[in-house]
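Shown next, in C-alpha cells, is the structure this report addresses.
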Amino acid sequence: MNIITALLSSYIIGSIPFAFLLAKFLKNTDLRKVGSGNIGATNLARALGYKIGSIGLLLDVAKGIIPVVYLANFTQQPPGISQDSLRLILGLASICGHNWTIFLNFKGGKGIATSLGVLIGLSLKNILIAKAVFILGLIWFITLFIWGYVSLASIIVSLSLPVFFYIFKLDKTLICFSIIISIFAILRHKSNIRRLLQHKENRFNIKSKIPFFK
C-alpha cells in the first residue's frame, strides 16, 4: 500500500475506542459519563473492574504495535524516508487516532497505552529502545505503587522518555519522536495535572490487588 493509505489505516486502527466499546457492550455504560470521563483503560477498570480494564489496556497497546510491526512491512517507502522513519510516522498516526478518535467526535484517550504499543513495536528491532522501555515501565509501576496516581506515573514516564532516549544515545530522529509523543501525553493530561495540584485526582489502589499487601 502507499503511504497515504498506510497513514489513514494507522489512524483508523488507533481510533478504535476499545475501552469505550467494552464498557458499552458489557455493561451498557458510557465511559464519558462515569469516573474521570476518559475513554481509556484506567477508567474502564474503575467502571467494570480490573480484569476488563486489563483487556482494554492490551487492546489499546495492540493499536500501537500493529502499524509499526505489520502495516509498515506492506507500505511502499516514499523517496527519502527510511523504513525506521516510516514506522515512526505510522506509529504517530496511531497515537493521534487514539487521542483524537474519529468515532467519538475526535475526543479520545490519553495515548499512553497506544504509545507504549508503538515503543514495544520499535523495540523489537532495537535493543536500546527495549532497555529504555523496560526501565520506564519500572518507573511507572513504582510511581503508581508509591503514590497511587496513574496520571502522575504516566506524566513522569512521559517526561522521562526523551531523557532516556538521549542517555542511550539513540539517533536524533528517535529522540525527536520521543519528544513529540511526550508533548502529546502531557497535553492530554492537562486536566489531570490540574486535579493533582488541587489534590482532587482519583487514586488507583494497586496495593489492594497485590496479595502480599492485602
Can you put CYS96, CYS176 in order of Cβ neighbours within 10 angstrom, beginning with the fewest? CYS176, CYS96
Percent RCO, i.e. relative contact order, over segment 67-123, from Cα pairs under 8 Å lying at least 6 residues apart: 34
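Given a Förster radius of 30 Å and the C-beta distance between ILE12 and LYS51 as r, what FRET efficiency does 1/(1 + (r/R0)^6) yield to the nearest 0.05?
Values: r = 27 Å, r/R0 = 0.91.
Efficiency for this residue pair is about 0.65.
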What length, rounded to one decimal in nm, is gained on full extension from ILE180 through to LYS125, with 0.36 nm per residue of separation minus their alpha-carbon distance? 17.7 nm
Report D for segment 1-104 in µm² per second (integer): Stokes-Einstein, Kirkwood Rh on Cα pairs, 37 °C, 0.692 mPa s. 231
Efficiency of FRET from Cβ geometry, LEU21 and SER191, R₀ 25 Å, rounded to 0.05: 0.65
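By Kyte-Doolittle mean hydropathy of at least -1.0 and Cα axial length of at least 27 Å, which whole DSSP H helices of the chain are selected?
On the way: long enough: 50-69 (28 Å, 1.38); 127-147 (30 Å, 2.46).
Those that clear 27 Å and a mean of -1.0 are 50-69, 127-147.
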Between segment 43-114 and segment 139-204, how many Å separate their Cα centres? 17
A correct fewest-to-most ranking of ASP171, ASP60 by other Cβ atoms within 10 Å would be ASP171, ASP60
Residue-span extension gain [LEU159 to SER85] - 0.36 nm each, minus C-alpha spacing: 24.4 nm
Using only C-alpha positions, report the orientation-averaged shadow area of the convex hull of segment 3-213, nm², one decimal. 12.1
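Which FRET efficiency value, to the nearest 0.05, is calculated for TYR166 and LYS33 with the Förster distance at 41 angstrom and r the Cβ-Cβ distance? Please report the intermediate quantities before stating the final value.
Details: r = 41 Å, r/R0 = 1.00.
Step by step, r from the Cβ atoms, then E = 0.50.
Can you give the Kirkwood hydrodynamic radius for segment 114-214, in Å, rounded to one decimal and based on Cα pairs?
14.5
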Given LYS125/LYS190; LYS24/LYS107; LYS27/LYS51; LYS24/LYS63; LYS51/LYS190, the pairs whose alpha carbons are separated by over 23 Å: LYS125/LYS190; LYS51/LYS190
Mean Cα-pair separation over length for the chain, i.e. relative contact order, pairs under 8 Å, 6 or more apart, %: 19
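Only the coordinates and a few stated rules stand behind these numbers; no lab work does. What you are looking at is a predicted structure, and each value in this text was computed from that prediction instead of being measured. Quick reminder, even Gly has a Cβ in these numbers, built from the backbone with ideal geometry, and neighbours come from all protein chains shown.
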